[in-house]
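Notes to accompany the following structure.
The values are calculated or read from the model by the stated rules, or taken from the named source; none is laboratory data. All values reported here derive from a predicted model rather than from experimental measurement. Cβ placement follows ideal geometry from the backbone for every residue including glycine, while neighbour counts extend to all protein chains displayed. In case anyone asks, the SASA skips ligands and DNA or RNA and just uses the protein heavy atoms, side chains included. Shrake-Rupley method; radii C 1.70, N 1.55, O 1.52, S 1.80 Å.
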Amino acid sequence: MFRLVSLGCFLILVISCRETSNNATYIEKDKEIDWEPARQYYLENITHAISLLDSLHTEGWQGKNAKHIFAKTRTAFKKAEPYASYLNPEVGHRANGPALPIFKEDNGKVMNPIGLQKIEESIYEGEVTDAEFRKELLITQGLFVNLQKNIKKRELTPQRFFIATHQQLLRIISLAIVGFDTPVSGLGIKETRISLESLFHIYKTSIQSLIQDKNSALDKEFENHIVDAIAFIERNTDFESFDRYTFIREYMNPITRNWVSIRKTSGLWQGSNAYPFNFDAPTFFEEDAFNVNYFTTATNRNPKPQQIALGEKLFFEPNLSKGGTMACATCHLPEKAYADGMVVNLDNQGKPLTRNTPTLINAVFQRSFFWDGRSQTLLDQISSVFNNKQEFATSVHQFSNEILKDTSYIKLFEEAYGKVPTKNVETIRAISSYISTLNGFNSKFDRNIRGEVDTFTTQEKQGFNLFMGKALCATCHFMPLSNGTVPPFFKETEKEVIGVPETAANAALDDDVGFYWRFEEELHRGMFKTPTIRNANLTSPYMHNGVYETLEQVMEFYNLGGGGGMGFDLPHQTLPFDALNLTEEELQALVAYVKTLSDEAIQSY
């Protein structure tokens, strides 16, 4: 392991020469970076991780050195992870993903949990046979070999380097320090140090001399921030008491700001809008930190202002529905954070609908829509509302001339799409474009974590630290979006089985089967999408059935261990059954923190 005192002694392998390569868009004219030492570092560590799995095979899950060897395996993997997982995100996630069964949609089979988290579970908790453990090791080793092959055959370039590093910085904030990576061993805090040390090592072996030539003060500031962050970790190694609020605000955010400046100063890569991040945003908590276009269907990216304006007007238009009884705004009220404040809303016949209305704020940053995840895109979600007999009850393919009674629509459609359409396709695209602008990252929390103000109370800080640590909230509601879309690749939105009751008396399980409808697989019974908790203070009641009226009730549900903790028969619950044993003070702190996630613009209604 690299020690603090050795940071200044890392090998510098930056070769100065005239630009001769074809990568003129990336490579500085008067310098060519030798990326090979960095690639070899990643390769050596994934190779070491493979050999350590062999050692675990010899040791066995009950061996006295099993935990020590496992920790070393994870250390080697974390050093290789930035580039290995960048090159193959799916395999990287499987190698270090949750220890949960995996349903294969192509063949309908359920695969047993695999990867480092399953190995961790076997070593620390037992309840595994020797044969099962050997199989876990063998499959995980196969994943590692796959990652190793990719590193061997693909050269490291500036674009790959900067994207991979950006992803790793987010992993620290959203996965490592919350315990997502290491839910049983609690090694995530120590591994954060490893990631930071590795980042600095790679920096020194690649581009440091270039940055020193261009901005020596930036280079020194970056080194100091790395050293300070590692020193903070050394003083605070306990998982439950680790001060994540201070660590992110005072240490990780400065490092991220430095890294953005280093990329710009290097002149090696200018960034790209083909990824989830705005690479120019100085932290992951800025109002524009995430790239809306990345999350938007290709056919509806970069909408014109006229299309957004049309979408806004259509959002409030009841004549889109049969009989003119419903608009989008019937269930999604701006003054209610684009929810409705009801347990469930009413259909076009005045009868109760099935599920609670979720907020539309930040809805674009999801990969799954409706509580049961039946729509994969926002366009499909809106189309489903049009087709639903209980809601708009109109065809997507038949444009409603009723709305043209308002003649201003003729001009709006012509300005937006060049014509008045004959189908509702453009109508749906326009509404989607408007909803995609309903994004809020200007809450009390955001302004405080960015360091713009210092108004967080002691209770709110405690609540954030509980949310990110002991209470396990952030292992499903990922920071900083605080929804279930999984960082750092944001390719999927998680769905969970948590065991929501049918009434607030917590006496019986709700009978809504959720995602089970799709494959009729028992693994999915009662499974629902993980929603955002931003603006939750403004969007009661809570859960898919609106069963809880207050945040206090929600916190108590989780504190009891969800439905499984309350005694319901839930063999596939993804939430830990164990009670969290949070005190009343801690529960109130969690509520106080969640209330800081309300956006100012919405609260001003």
Note to self: with every protein chain in place and a 1.4 Å probe, the chain gives an accessible area per residue in Å² of 41 Å²
Listed by chain and number, the aspartates and glutamates with an alpha carbon less than 19 angstrom from that of K67, same-chain partners under 8 positions apart left out, are D54, E59, E120, E121, E125, E127, D130, E132, E136, D181, E191, D238
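Can you tell me the relative contact order of the chain? Whole percent, Cα pairs under 8 Å, sequence separation 6 or more.
Numbers: 1023 pairs, mean separation 75.6, N = 605.
Answer for the chain is 12 percent.
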If every Lys and Arg gets +1 and every Asp and Glu gets -1 at its Cβ, then about the Cα centre segment 469-605 yields a dipole, in debye to the nearest 20, of 480 debye
Label model pair R301, A505: point-to-point distance (7 angstrom along the Cα→beta-carbon line) in nm is 5.3 nm
To the nearest 10 degrees, the tilt of helix 130-153 (Cα long axis) against the first principal axis of the alpha carbons of the chain is 80 degrees
Segment 307-333 scanned against label point 7 Å out from L404 along Cα→C-beta; backbone N under 12 Å for none
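What FRET efficiency would be calculated for the residue pair A601, Q62, taking the C-beta separation as r and a Förster radius of 41 Å, to the nearest 0.05?
Details: r = 57 Å, r/R0 = 1.38.
Once rounded, the FRET efficiency stands at 0.15.
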Note: E584 to S216 extended length (0.36 nm per residue) minus current alpha-carbon separation gives 127.4 nm
If the chain between Q376 and S395 were fully extended at 0.36 nm per residue, the gain over the current Cα-Cα distance would be 4.9 nm
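Sorted by packing (mean other beta-carbon atoms within 10 Å per residue), highest first, where do 564-575, 170-181 land? Provide the component values of the computation, followed by the final result.
On the way: 564-575: 17.3, 170-181: 23.7.
Ranking the peptides 564-575, 170-181 by packing returns 170-181, 564-575.
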In degrees rounded to 10, the 0-90 angle between helix 66-87 Cα long axis and the longest Cα principal axis of the chain is 70 degrees
Amide H proximity to T485 below 5 Å, modelled H, separation 5+ or other chain, gives F478, E494
Descending packing, highest mean Cβ count within 10 Å first, for 505-518, 152-165 is 152-165, 505-518
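On the accessible surface of segment 384-435, probed at 1.4 Å, how many percent belong to carbon and sulfur atoms?
Of all accessible area on segment 384-435, carbon and sulfur atoms account for 50 percent.
How big is Rg to Rh over segment 321-397, alpha-carbon atoms, Rh as the Kirkwood inverse-mean-distance radius? Write out the running numbers ahead of the final one.
Working: Rg = 12.1 Å, Rh = 12.9 Å.
Rounded to two decimals, Rg/Rh equals 0.94.
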When the charge dipole of the chain is computed with +1 on Lys and Arg Cβ and -1 on Asp and Glu Cβ about the Cα centre, the Cα farthest towards its positive end, among T407, F144, S384, belongs to F144
For K109, counting only aspartates and glutamates whose alpha-carbon sits under 16 Å away and dropping same-chain residues fewer than eight positions off, the answer is E520, E521, E522
Note: T354 to F577 extended length (0.36 nm per residue) minus current alpha-carbon separation gives 77.6 nm
For 106-112, 424-430, ranked highest to lowest by mean beta-carbon neighbours within 10 Å, the order is 424-430, 106-112
In degrees, nearest 10, the alpha-carbon axis of helix 253-266 is tilted away from the dominant principal axis of the alpha carbons of the chain by 80 degrees
Label model pair E250, T422: point-to-point distance (7 angstrom along the Cα→beta-carbon line) in nm is 6.7 nm
Heads up, segment 35-108 by the C-alpha gyration tensor (a ≥ b ≥ c square roots of eigenvalues; a/c under 1.5 rounded, else a/b over b/c prolate, else oblate) looks oblate
Per the charge dipole of the chain (beta-carbon charges, Lys/Arg positive, Asp/Glu negative, Cα centre), the residue among T296, Y542, V591 reaching farthest to the positive end is T296
Cross-link reach from K64 to lysines, straight Cα distance under 27 Å and at least 8 residues apart if same chain, gives K72, K78, K79, K118, K135, K190
Two pseudo-spin positions, 7 Å from Cα along C-beta at D130 and at N236, lie apart in nanometres by 4.5 nm
